[in-house]
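Quick notes on the structure that follows.
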Amino acid sequence: MKRLAQYFRTLQSRQSSYSMIYEPDPTYWNNDVAYSIERTHKLTLDKPCITIKIPFDRLGLDETSDQVVLSDFGLREWIDHIEALNKLLYNRSRSDKENGAFYCFRPSGVVLKRNASSVEVFSEKWYLCLMITVQLPFQDNDKAMRMLCKMLPKEVEKYIAKFDLSKLYAAYELVNKQNRIREWLKSNDYCAFIANGSILPRNKDNSGPLEGALPFTSPEDVEVEICGLRGMGIKQGVTVITGGGYSGKSTLLDALNSGIYNHIISDGREFVITDQSAMEISAEEGRSINNINITPFIKWIPHSSAERFSTDYASGSTSQAANIMEAINVGCKLLLIDEDRSATNFMIQDIKMRTLIKHEPITPFTERVRELYEAAHVSSVLVIGGSGEFLSVADTIILMDNFVPINVTQEAKKLCEYDQPRERIPLAKWEIERNITTDRFSSYPQGSGTEKLVVSTMGYIIIGDEQVDVRGLYNITSHAQLAAIAFLIRKIAISNQDRRIFLHEKIKKALEDMEREGVDLVFSSFFPGFDRWLELPRVNEVLSVINRMKHLNFIQD
């Protein structure tokens, strides 16, 4: 750190370019802790990105630690120290640019691989690495030096001294138990589990459980015990969640959607465990669809082809049909569907409307949901409050009554005894394979020699000429995960050498590289306006973004 302090002393008064801290060797040491400084962006030299590398032996760690859990825990423990640093700097009458500030990523309740905290090995020594960004004060070199050379190292030493191994071991044990439950579900034909005592409602800012909320209690007749925990098991097949307004139906579905990832202690949903291939599906009116077979749900379309359907502006029913077919294509084995987010004419058509409408192109989801499970092995959990059409095709029916679940399967089935038998319809073709050619798959707008990549907080990704609306992708956990998706797609586009791109294969390989070498593998400081944080996505969400690109040339095999 003495070398870095000397650089600051060589600056002229009121000079604030700070370029000298990045070269020639941008790694500085305080005792055995390294501080590696890099540009967040070439135009913001006063906002460096710093990776703090703490040796394992200083923290009492060994090399057998679960790296993702350790990194997640280490980051959460670091947040309090960042806040302590900022309290020393805070002046409400001045902006961060004038005053200086420290920033770190603040994760939600899920455990994920991130670039904000990671494990690295160099010179055969293991390090816990914490990434921060720093806003250096404008034209105040002495304060900038104090921030980086004195305040930050001092707070890192406090972090090391307070590092709580007992809390870390509890985090290890929790994830081990969560993973054992996931394995049990796979081997016992279940697709989800909600432990008794879970707190499903979220607080106002969705950062944790709602204070005073009623703990979840499973109906006795669907209760199972897994790894010493009792709770509601949801079997593979068709499950309907019903109930009156504000009874907790959507809250339960949202919890199941969040259960594709492991959660931290005190989240309230630690033991809400869902098949990790699950996707929430909705109608998405206005989305782009490119060359996909939607004939299982849409038999024909005027002046178009339902087998190779394309549109720049889909209806509610065609968008929901495409979303389901794309989910199956990516390997999804559990669909989560809320009727409030669905197209009514896609979901149901009662007997009166079937009698009245003689030439209906839409095969409603009620007619396909059982076949989807029996032929394609894709289960469904459906939130239904306004129609009884799904009762006769469901395996299990759960009634939510003021956030209390009740198994009403037998009662509901009796109500369906006198329903007219459904007309048999031809079996659908569920297996599809789509890839793209390299035409227009580029981060360079046509006619431009400069790449364009933007991730908007309004729910858009811009890559080259593409502006992709991602507001209908409910499985994306954070803006950081969305940024990682954008950078990953850009990396595939610029590095691809093939005329034809096998998307699933390419994305899977890229994600494996990010898991092995770090999420930061795809980041580029070339693009302005990005926060520095990235979270590892699933192949499902990466493909979902690509599927919404308007200018790509999709090929069905």
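The values are calculated or read from the model by the stated rules, or taken from the named source; none is laboratory data. No experiment lies behind these values; they were computed from the predicted model shown. Positions of Cβ are generated from backbone atoms using ideal geometry, with glycine treated the same way; all protein chains shown enter the neighbour counts.
Tally up the residues in region 249-263 that are among the hydrophobic types (A, V, I, L, M, F, W, C) and either in contact with a Ser or Thr (Cβ under 9 Å, 6 or more places away or on another chain) or assigned by TED's automatic domain parsing to the domain that holds residue 74 (or both), please.
Number of matching residues: 3.
Among the numbered conditions (1) touching a residue at least 60 places away in the same chain (Cβ under 8 Å); (2) closer than 30 Å to residue 229 by Cα, tell me where residue 166 comes up short.
(1)
Of all residues in region 410-430, how many are within 28 Å of residue 362 (Cβ to Cβ) and surrounded by 11 or more Cβ atoms within 10 Å (Cβ to Cβ)?
Here the count works out to 11.
If you go through region 181-221 one residue at a time, how many are assigned by TED's automatic domain parsing to the domain that holds residue 256, within 13 Å of residue 233 (Cα to Cα), touching a Phe, Trp or Tyr at 6+ places or on another chain (Cβ under 9 Å) and surrounded by fewer than 18 Cβ atoms within 10 Å (Cβ to Cβ)?
Residues flagged as assigned by TED's automatic domain parsing to the domain that holds residue 256, within 13 Å of residue 233 (Cα to Cα), touching a Phe, Trp or Tyr at 6+ places or on another chain (Cβ under 9 Å) and surrounded by fewer than 18 Cβ atoms within 10 Å (Cβ to Cβ) within region 181-221 amount to 1.
From the list 63, 23, 38, which one is over 26 Å from residue 96 (Cβ atoms) and modelled with pLDDT under 95?
Within the list 63, 23, 38, the selection yields 63.
State all residues of region 490-539 that are surrounded by 14 or more Cβ atoms within 10 Å (Cβ to Cβ), among the small types (Gly, Ala, Ser) and within 17 Å of residue 464 (Cβ to Cβ); if no residue qualifies, say none.
493, 524
Can you tell me which residue among 247, 317, 310 is in a loop (DSSP other than H, G, I, E, B), more than 30 Å from residue 170 (Cα to Cα) and of a type outside the set (Lys, Arg)?
Working: 317 fails: in a loop (DSSP other than H, G, I, E, B); 310 fails: in a loop (DSSP other than H, G, I, E, B).
Of 247, 317, 310, the one residue that is in a loop (DSSP other than H, G, I, E, B), more than 30 Å from residue 170 (Cα to Cα) and of a type outside the set (Lys, Arg) is 247.
Select from region 269-295 the residues that are within 18 Å of the chain's Cα centre (by Cα), closer than 18 Å to residue 316 by Cβ and not aliphatic (A, V, I, L, M) and list them in ascending order.
280, 282
Could you pull out every one of the strands (runs of 3 or more DSSP E) wholly within region 95-170 that has 3 or more residues that are surrounded by fewer than 18 Cβ atoms within 10 Å (Cβ to Cβ) and outside the structural domain of residue 514 (by TED's automatic domain parsing)? Break it down stepwise before answering.
On the way: elements: 101-103, 117-122, 125-135.
Of the strands (runs of 3 or more DSSP E) lying wholly inside region 95-170, those with at least 3 residues that are surrounded by fewer than 18 Cβ atoms within 10 Å (Cβ to Cβ) and outside the structural domain of residue 514 (by TED's automatic domain parsing) span 117-122.
Going residue by residue through region 470-480, is there one that turns out to be over 30 Å from residue 352 (Cβ atoms), under 28 Å from the mean Cα position of the chain (by Cα) and not in a loop (DSSP other than H, G, I, E, B)?
Among the residues of region 470-480, at least one is over 30 Å from residue 352 (Cβ atoms), under 28 Å from the mean Cα position of the chain (by Cα) and not in a loop (DSSP other than H, G, I, E, B), which makes the answer yes.
For a quick check of your reading of the model, give me the residue pairs whose first member lies in region 17-42 and is closer than 16 Å to residue 524 by Cα, whose second is basic (Lys, Arg) and part of a loop (DSSP other than H, G, I, E, B), with beta-carbon atoms closer than 6 Å and at least 6 apart or on different chains.
40/47; 40/532
Scanning for something without any contact (Cβ under 8 Å) to a residue 12 or more places away in the chain, assigned to a helix (DSSP H, G or I) and farther than 18 Å from residue 294 by Cβ, does region 359-373 turn up at least one residue?
The answer is no, given that none of the residues of region 359-373 is without any contact (Cβ under 8 Å) to a residue 12 or more places away in the chain, assigned to a helix (DSSP H, G or I) and farther than 18 Å from residue 294 by Cβ.
With respect to residue 90, determine if the residue is surrounded by 18 or more Cβ atoms within 10 Å (Cβ to Cβ) and either outside the structural domain of residue 140 (by TED's automatic domain parsing) or of a type in the set (Phe, Trp, Tyr) (or both).
No, not satisfied.
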